[in-house]
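Below: the structure, in structure tokens.
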């Protein structure tokens, strides 16, 4: 019977040794898993930082686009004002041109009359 007890004790000791090895393997696996999780956390933090940076850049670009749109509207308004002024100037030039043409015609008629008077006086 002592042999059976001794045999059982040896089996138990062997089982305990295997269990200790399994526990050590699990601890090593847990450390590796924790290291992987830490690395993943670092990667996620890096990704979050990049996303934050991208969002800030998008906000800056959005604000710049709004500013550019406002500037373009202002420039268009200024062009409209200039266009109105140019139209007014064009109208004045047309009126002056008509007066000039009328005056030129009058001068031509006056010159003809002077020529006729010169001819009559000779």
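Treat each spin label as a single point 7 Å out from the Cα along the C-beta direction, and report the residue 30 to residue 70 distance in nm.
For the pair residue 30/residue 70, the computed spacing is 6.0 nm.
Nearest 10 degrees, 0 to 90: what angle lies between the long axis of helix 2-121 and the longest principal axis of the chain (Cα atoms)?
Result, in degrees: 0.
For labels at residue 8 and residue 62 in the simple 7 Å Cα→Cβ model, what's the distance in nm?
7.5 nm
Can you compute the helix-only [θ] at 222 nm over the chain? Use -39500 (n - 2.57) per DSSP H run of at least 4 residues, normalise by all residues, nearest 500 deg cm²/dmol. Can you show the working numbers first?
Details: 1 runs with 120 residues, N = 122.
My calculation for the chain gives -38000 deg cm²/dmol from helical runs alone.
Build a GNM of the chain with springs between Cα atoms under 10 Å: which of 48, 70, 90 gets the top mean-square fluctuation?
Of 48, 70, 90, the Gaussian network model singles out 90 as fluctuating most.
Just to verify a number: FRET efficiency for residue 107 and residue 82, C-beta to C-beta distance, R0 = 25 Å, to 0.05? If you can, show how the numbers build up before the last one.
Details: r = 36 Å, r/R0 = 1.42.
Once rounded, the FRET efficiency stands at 0.10.
Of 103, 69, 88, which has the largest mean-square fluctuation in a 10 Å C-alpha GNM of the chain?
103
If you take mean projected area of the Cα convex hull in nm² from the coordinates, which of [x] 7.2; [y] 9.1; [z] 14.9 do you get?
This structure yields the entry labelled [z].
R0 = 41 Å: FRET efficiency of residue 20 with residue 52, Cβ-based, nearest 0.05? List each step's numbers first, then the result.
Numbers: r = 47 Å, r/R0 = 1.15.
Once rounded, the FRET efficiency stands at 0.30.
With springs only between Cα atoms under 10 Å apart, run a GNM on the chain and tell me which of 74, 14, 65 wobbles the most.
Maximum among the listed residues: 14.
Any read-out appearing in this document is the output of simple, stated calculations on the displayed coordinates, not a laboratory observation. This is a predicted model, so every value here is computed, not measured. Please note: Cβ atoms are built from the backbone with ideal geometry, for glycine as well, and neighbour counts cover all protein chains shown.
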